[in-house]
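Here the structure is laid out as structure tokens; the discussion comes afterwards.
Every number here is computed from the coordinates shown, using simple stated rules; none is lab data. Source: prediction; values computed, not measured. Cβ coordinates were reconstructed from backbone atoms using ideal geometry, including for glycine residues, and neighbour counts include every protein chain displayed.
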Amino acid sequence: MIWFLEGQSSQRDIILGAREALPADVKIYASHRDDRPEITAGADVSFKEPRGAEERIAWVISTAKAHDIKVVLVGRQGGIFEQARHRFEEAGLVLVTGGMSMRTFDLVDDKSKFTAEAERAGLACVPAITASNAEEMFAAYETLSASGEVCVKPAVGIYGQGFWRFKADADPFRSFADPDARVANFTTYMHAYSAGANPPPMLVMPYMAGNECSVDMVCEAGKVVAFVGRRKTGVHQIFQREGAAVELAIKAAEHFQCDGIVNVQTKDDAEGNPHLLEINPRYSGGVGYTRETGVNLAGFFATRRLGLPEPTTIWRPNVRVKGITVAVVASY
């Protein structure tokens, strides 16, 4: 038996991929802290999780034991569960958090630590200067803007929240009129950043004009066993299994000792050379797209963790996908 705890909305795709690969007599359990039947409906059994961290951990352990569940995959807040790993092991449960220890989370959650460790390990990454106040922000901008465009993102965060690209000729009002463009005037940004008493630490970086590659992968104790790279091209996504970006992502996941279904993002410079952006020790929002290539990552994860035959892989080249919104019945 296997249990998928609350994750991104792509938790639904993970459940469906696992169901496709697992024998019918293997039950799949799923849970969420909100009422999200459109996500968990594909599981054989679904639960609603408690809110509090301690209550949630205790409840997961007791519920897993009661239902004879063997493997528990954490979709969110892997670091919180990682701290309680010994409790799961004492209960005879296989806990998969995204990392092998707290070292993984300590290094990848804080982007400044991640950048420093990647550089130390010789992994090409987007260079960054950490700014913790307005003076440091301005100094970092002055240093980097001498060589080209500059961008900024929070030292800790997900989903690309807080990312802004600075353009000298940007209309000061543009960031309010068109926030999805993620383009801002630096002077306007600095006014807002300086206004707070305790501004958050930010990473100030050179902006790389190349394409992003998002590599979804299945890792086991720091070893990548299955993977698919995704690139956005306009409204579509295309896929790859080879290339410098994929190779860099795999090296990074193995160096940072990832474990589970994780995501590594890279960004190409103007010459097409990839640089690490970040590691997400959890499955991505777009992981479900990869199944269209013939590689069932969720199926690989579930079968291997349960000691069952892996799903057959037949790579489909030249696939393009586009996400669409559909209506589903959530209740009757």
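What the table shows:
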| item | result |
| --- | --- |
| By average C-beta atoms within 10 angstrom, highest first, the peptides 186-193, 251-258, 272-279 | 251-258, 272-279, 186-193 |
| Kyte-Doolittle mean at least 0.0 and Cα axial length at least 18 Å: DSSP H helices in the chain | 53-66 |
| Shape category assigned to region 1-137 from the gyration tensor of Cα positions, a/c cut at 1.5 | prolate |
| Normalised convex hull volume, region 210-321, alpha-carbon set, Å³ per residue | 89 |
| Alpha-carbon radius of gyration plus Dmax, which is the widest Cα pair, for the chain in Å | 20.8, 62 |
| Cys residues of the chain counted as unpaired, since no other Cys beta-carbon is under 4.7 Å | 125, 151, 213 |
| Unit charges on C-beta of K, R, D, E only; dipole of the chain, Debye | 700 |
| Under 17 Å from residue 113, Cα to Cα: lysines that are on another chain or at least 8 residues apart | 153 |
| Inter-site label distance for residue 247 and residue 44 at 7 Å from Cα along Cβ, in nm | 4.3 |
| Computed E for residue 240/residue 327 - FRET, C-beta separation, R0 25 angstrom, nearest 0.05 | 0.15 |
| Between region 132-210 and region 247-278, the Cα center-to-center distance that results, in Å | 23 |
| Ratio of Rg to Rh over region 127-206 (Cα coordinates, Kirkwood Rh, two decimals) | 0.92 |
| Inter-label distance for residue 34 and residue 145, nm, one decimal - labels placed 7 Å from Cα along Cα-to-Cβ | 3.8 |
| Sites residue 212 and residue 85, calculated FRET efficiency, Cβ-Cβ separation with R0 22 Å, nearest 0.05 | 0.10 |
| Simple label model, 7 Å out from Cα along Cβ direction - residue 135 to residue 156, nm | 2.4 |
